[in-house]
Structures are given as structure tokens and as C-alpha cells.
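See below for the structure under consideration.
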Amino acid sequence: MPRFSVIVPAYEVQAYLSECLDSVLSQSYADLELIAVDDGSPDACGTIIDEYAGRDARVRPLHLTANQGLGPARNAGMAGATGDYLLFLDGDDTLTPHTLRAVADRISQTGDPDVLVFDYARTYGDGREVRNREAARLAERGPAPFRLVERPGLLRVLMVAWNKAYRREFVEHGELVFPPGYYEDTPWTFPVLMSADTIATLDRVCVHYRQRHSGSILRTTSDRHFDVLDQYERVFAYVDARPELDCWRPELFHKMVEHYATVFSRPDRLPRRSRPRFLRRARAHYRRYRVAAPRPSRPARPSRRARARHALIRFGLHRTYRTLLLVSAVRRRTRACATDRVRALRAAALRLHYRVQLRLPLREDDAVFADCGGTGGGDPAALAEALRTHAPHIRTAWIAHPGQPCPGGTRPLRPGSAACWSALARSKYLISNGVFAPGVRKRPGQIFLQTGDMAPWTDTAPATRPHALWDYTLSPGPHTAPPAERTHPVPGTTLAYGRPRNDVLQRAAPADVTRLRTALGIPEGTVAILYAPGRRDHPYTRRPVLDLERLARELGPRFVVLVRAGQAPVLWRREIPGVLDVSAHPSAAEVCLAADALLTDGAPLMFDYAGLDRPIVVHAGDGFPGAPGEVAGDEDEVIGLFVSGRWRDPGADGPRAAFRERFCPLDDGRAAERIVRHVMLGRADGLPEVIPVVDRRPVPSAAARALAPPVPVPQPATPRPVTDGR
């Protein structure tokens, strides 16, 4: 008997079905059966299901002779299910990685509840992922399991079958089945939640709910949307047969009105000729099922939208409702046009202001910095700090939106303000890791310094390339200087002086490491692993590839995992014991200093961290030539490396030293000083000599200091007794 039975009905989803089935079969929790139901699909869904069944014994194919609809197809899958828990997944949606393991763990923690409700995210063709707006209702705070009366807000979560796991014995005992029709989830979900004795929640995105441009049932205009009326009749009939559920009538009535108004107001649901008939039936339901809700001590005033929807269904005032919608749309359009006109006038005024400022004298001792990432750190911040030390006469300003951090000692400038355009026009030095703003011109005498990679603009037209603005670009070392020069086809100087942002890694002291670990909340005596997954080109894969919950659980309390994900994925972001999210920390260098080891799959942060000469573990399933440390092929190997202690094996010292020699030859802690002396002070000769890699002594990690053998203290020699020679 498997732990989970995952039921996947399929009808005309051949373009998505393989991805759906793969998302189930590739789960790290393998104790499952996959019941794939071919609902008489005219396309190749049945063939795809049979192919998967031939490759994986966990797939149980089921072919229906004719199309019966989503509800009956799910019922057919349930009839043959043997798992402890049932999960439903539509053929065009997918499970997120490690979902079943997270569900299994939460079920065990909460004592095998009747129903476990988890979260989902809408995914769009352009790669956007939008999490459920009611996600806060799935918080795991408070006692669990519970009954619906203790957390009635769960009824506000989308009423679908695929965001829950159901104990099979509970479903069979309650004789719960799906009815036929378009809106089969409605008379399933309400009875399930209302009759469950134990409910638990999982605050984790487990399902990607694909938003299709076409082919979706709910976006098909037809009279079949009248089915929503029949389904609510089934819901209230279920309540009528169970007097103990009468307390839920007000909430059901409110949901019914909202649902009817949504179906009626969507232009892609009902044919125009059918709208009056739909509204007449909806009005009859309003009168039949209306019930007075208990009056609270301080009644909350319904929103204008809710009042309008109730009026629509109660009185059938569809013309009045349409008029109100039209008036509201006209009001929004008028306001938007007025706003656009004001913005256009302001932009024109700022352009004129900028042109005037370009004719005024340059300020020889002014420098403007910008950080495209908005973190207030990186190479620009390191150069701003070096200016205060080596060229204190230069005044510095930092372009940042309100609320974004600015380095200490810099004057903040709001982007697009008159002060910002004045600074861009009159400051002699402009330093950025990207582009400042459209329309910025380089006037004679100005010096533009680019600290980032300009490769994204190499395919643009020569006349529009930002490269023409830059006088200097930075290169971390000889290994990148030739490619950097190829990406800059206009005259300019490449400064191969190292990475200014990494100077702090060489200058930090043990006290700095202790302070940073305390600020990040790293418990004393634990080993901090910095997990930095690399960027994924496709948006659907922008998430950590390791199961953070399992990683923290298997490593135990001796370890803490610091997660720094460049794309800030929301799919795993929640409180996990032993895991700290440091993605929003402004300084990557400070996070590196606090960590005892780096775990990565090849992220650029690896080249910065290597300068610390601390252990690096590379998670690469297909190998990683020239890796600066141990290489783990899968999740089990990663866990084994840290549990066994092989992550700090002295055998990795040689590969790590070779990696540092190749990729960190100039990161000796004085890169920013060399750049300031060359660019701002005009002293290209006599720059500080580069300290060889073998002679650098970066601060050891907290774990390295704790594990280091004690240094013997030399004892003073025992003085020999003085004699008189006799």
C-alpha cells in the first residue's frame, strides 16, 4: 500500500501531460502510485500514459471509453486507489519539487489529519509565478490539526480539489464523490472541509497552476456555465441533510453570491443571449438560500464591490451593474490619462533641466554611484568606501529609490529627480555596475567607470550601445580581460585590478566574523553552510534544486544552512528550522565571511568565495571539471559529505589553491585602492603591488578556528642555578 495515490485525469492536454507526469514521478518521495486516467481524449494522451506505464511500474493507466468529464474521471481513479492519501492533479498542471516529501512530513507532524491544505502558484507563459493571494491563511502557526470552525478563513482559499491531500479512509467513510459538470470542485470541497474532523495546513507552494491562453474549460463561452447553479444546489442539499452544518450557511451564501457574480460579469463565460436567464435563476437562489448572519459586536461595512455584487444577484439589476462598471472604467481611464499627462509634462521639464545642467561647469570633485541591483553594495559601494579613505576630497552621491540602502557617507539621490539629473550632468565621475538612465550623455571631461559585465548589450546596434559611454571597465583578472575587451568594441581601458567588492574578504578579522554571525542569527558552535544556487535561464526552474527541509533535517542541529538565491524564489520561502534566508542581505561578502563552507552548483558567488580559502562543495549531477573542492552528484551525496566531515577534507586544498590562482589572482584586498589611485588620482604608476595568492592570509572561518589544534605557548627556559664553580 503506497503512501500517496496521485490521480491525474487527462483530456486534450497532450502538450502538457508529459511535464505533469514527470513532476510526479521525479519526486524525492517515491512511495506513490500514479493513476493516470485517459478520459476518452481524442489526442495522444492515452498513448503518452501507456508509454509512461511501460517505463515506470508506479504508473497505473486507466482508459475510459468515452469522455465523461473531470469529476467522473477523478471518481474512476479513486475507485482503484490504494494509497493512504489521495491527491488530485490536472493534466496541465505540475507538482513542485519535493512536494510529496513535504506533504508526508507535515502529515506525520500533525497526526495523519483527514485533510491537508497546501498552497499553489499561478504560472504564466511569460514565466511569471504569482502565489495565491490567500496564502496567509495557510500559516502553520497555532495548534494542528484543527476543525474548520477554528479557522473558517480556509473557505476563502480557492475552492479546488488539487490543493489538498485527503485521507482515503475519510473519503470512503464519508462517501464523497465528484459530481459531473464544469464546476465539480464546488460540491466536493465544501463538504470535505465542513465534515473533516481534523485539518492541517502546509505553508508551501506545491502546485503550479498553469494559466492557459486557450483550451481552459472556464474560458469557454457556452451555456454549460449554468452548471454552477446546479452545483450550489448540491452543496445546500448536503447541508440540509446534516443539521449540524447549519452554522456554515451564511458563509456558503456569501461564497455563492461571489461565485455567481464572477461568472456573470466575466465576458468569456456566458453567451449574451443567456445572461438574463442566468440572472433570473441566480436571483431565485439568492432568495431561497439567504440567511441572516450572526451580528458581530462591531459589524464591518462591506466593500463597495461586495455591495454591488449582492445588489446584482439580489435584484437582477444587470443594466445598473453594467452602468456602474462602465462609470468606474471611465473614471479609471480619466484618472490614468491625467496621470500620464502630468508624467509627460514632468519628463519634458526634467529633460530641459538636464540640458541646462549640461552647459554648466563640471564639478571636478563630485562622484555619482549607482547599483542596478538596488542592494547598496557590490563593487560601487567598495569604491565609494575607498574614495573616503584615499581621496576624501571627492564628494560622493548614490542613486537609490526611497527605502533602498545607501553606503555610509554618500548623499542619496532619488532616480528621476532634478537633483539626480543635475548630478549626472555635472559630476566628473560616474560609477555604476549597469546603466544610469535612458538619455544620459557623456560630456567632455566626464569619466565613466563601469564595474559590471556589459555582455548583455553586445548584440545591440553600435549607435545605441552603452559601451560608448565608458572610459574604464573593470576586470577581475587576466582570465577575463580578453573577453571583456571583445565585448567593448569602442575605445576604453580595461582595468585588471581585481574585484573591489572582495577587498573586505582579505581585510576582515576574527571579530568581524563573530559580529556578522551574531547579526545573521547563526547559533554559536554551529557550522554555517552557505547554499548559493546558480541562476536558471528558464523562469520555471528559478528555485533551489535541493530539498532544504530534508537537508536541514538530515544535517541536524550542528549545521545551519544560509540560503542566498539570486532570483529570490517564493516557492520555498517559509520558516524552516535550521535554514536562514539571506537572499536580501545587502552584502554578499559579509554573508561569505559568516559561512564556514559554500555549497553551490556553479553560481558566480563561488569565484568570490574562493578568495577566502574555505571549503567549497559543488553540487553538479553531470560533473564539474576543475572544481575547487568536493563534487556531489545528488542530494544524498551532498548530505553524506557534510555528515561524514569530508567537506573539509585536506585533499581538496590542492584543487582549491589552483582555482584561486586562476580566478582570484588580484583579489588581495587592495583592488579598490588601485582603481581610485589610477582613475581619480591619476597615478597609474606606483600602484600597490599585488600580494601573491600563497602569501595571503584571509581570516579563517568560525568552524576552522574551533577545529584548529591549540597553538603551543613556548615556556620560558628554566634558569640554571648559579654556582661558584666548586
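Relative to one another, the C-alpha centroids of region 244-276 and region 330-401 are positioned 50 Å apart. Here the calculated FRET efficiency for Ala349 and Ile447, from their Cβ-Cβ distance with R0 = 22 Å, stands at 0.20, rounded to the nearest 0.05. Of the beta bridges in region 44-202, as assigned by DSSP with both residues counted there, near 70 percent are antiparallel.
The Glu364 and Ser28 beta-carbon pair, evaluated with R₀ = 56 Å, returns a calculated FRET efficiency of approximately 0.40. So the label point goes 7 Å from the Cα of Arg122 along Cα→C-beta, right? Which residues of region 159-192 then have their backbone N under 15 Å from it? Those under the cut-off are 159-160.
The Cα center of region 626-686 and the Cα center of region 35-76 differ in position by 52 Å. Shape class of region 1-110 from the Cα gyration tensor (axes a ≥ b ≥ c, square roots of the eigenvalues): prolate, since a/c reaches 1.5 or more and a/b is larger than b/c.
Model label sites at His390 and Arg331, defined 7 Å from Cα along the beta-carbon direction, differ in position by 6.0 nm. Taking Cα centre as origin and charging only the Cβ of basic (Lys, Arg, +1) and acidic (Asp, Glu, -1) residues, the dipole magnitude of region 547-704 rounds to 500 debye. Put a dot 7 Å past the Cα of Val177, heading toward its Cβ, do the same for Ala136, and the two dots end up 4.1 nm apart. When you count the other C-beta atoms within 10 angstrom of each residue and take the mean per peptide, 122-131, 47-56 line up highest first as 47-56, 122-131. About its Cα centre, the dipole of region 600-653 is roughly 220 debye, where the only charges are +1 on Lys and Arg Cβ and -1 on Asp and Glu Cβ. Only the Cβ atoms of Lys and Arg (+1) and of Asp and Glu (-1) were treated as charged; on that basis the dipole of region 346-457 about its Cα centre amounts to roughly 680 debye.
Straight-distance candidates among the lysines for linking to Lys255, with alpha-carbon spacing under 29 Å and chain neighbours fewer than 8 residues away dropped: Lys164. Ranked by the mean number of other Cβ atoms within 10 Å of their residues, highest first, the peptides 380-392, 327-339, 354-366 come out as 380-392, 354-366, 327-339.
With a Förster radius of 41 Å applied to the C-beta separation of Val291 and Arg224, the computed FRET efficiency comes to 0.90.
On full extension of the chain, what length is gained from Asp50 through Val694, given 0.36 nm per residue of separation minus the C-alpha to C-alpha distance?
Between Asp50 and Val694, full extension yields 225.8 nm more.
Per-residue extension of 0.36 nm, minus the Cα-Cα distance of Arg515 and Asp197, leaves a gain of 109.6 nm for this segment.
Each of the peptides 655-663, 492-500, 580-588 was scored by the mean count of other Cβ atoms within 10 Å over its residues; in descending order, highest first, they stand as 492-500, 580-588, 655-663. Within the same chain, lysines fewer than 8 places from Lys442 are excluded, and of the rest, those with a Cα less than 17 Å from its Cα are Lys428.
Any read-out appearing in this document is the output of simple, stated calculations on the displayed coordinates, not a laboratory observation. None of the values given here were measured: they were computed from a predicted structure. Ideal geometry is used to build each Cβ from the backbone, glycine not excepted, and the neighbour counts take in all protein chains shown.
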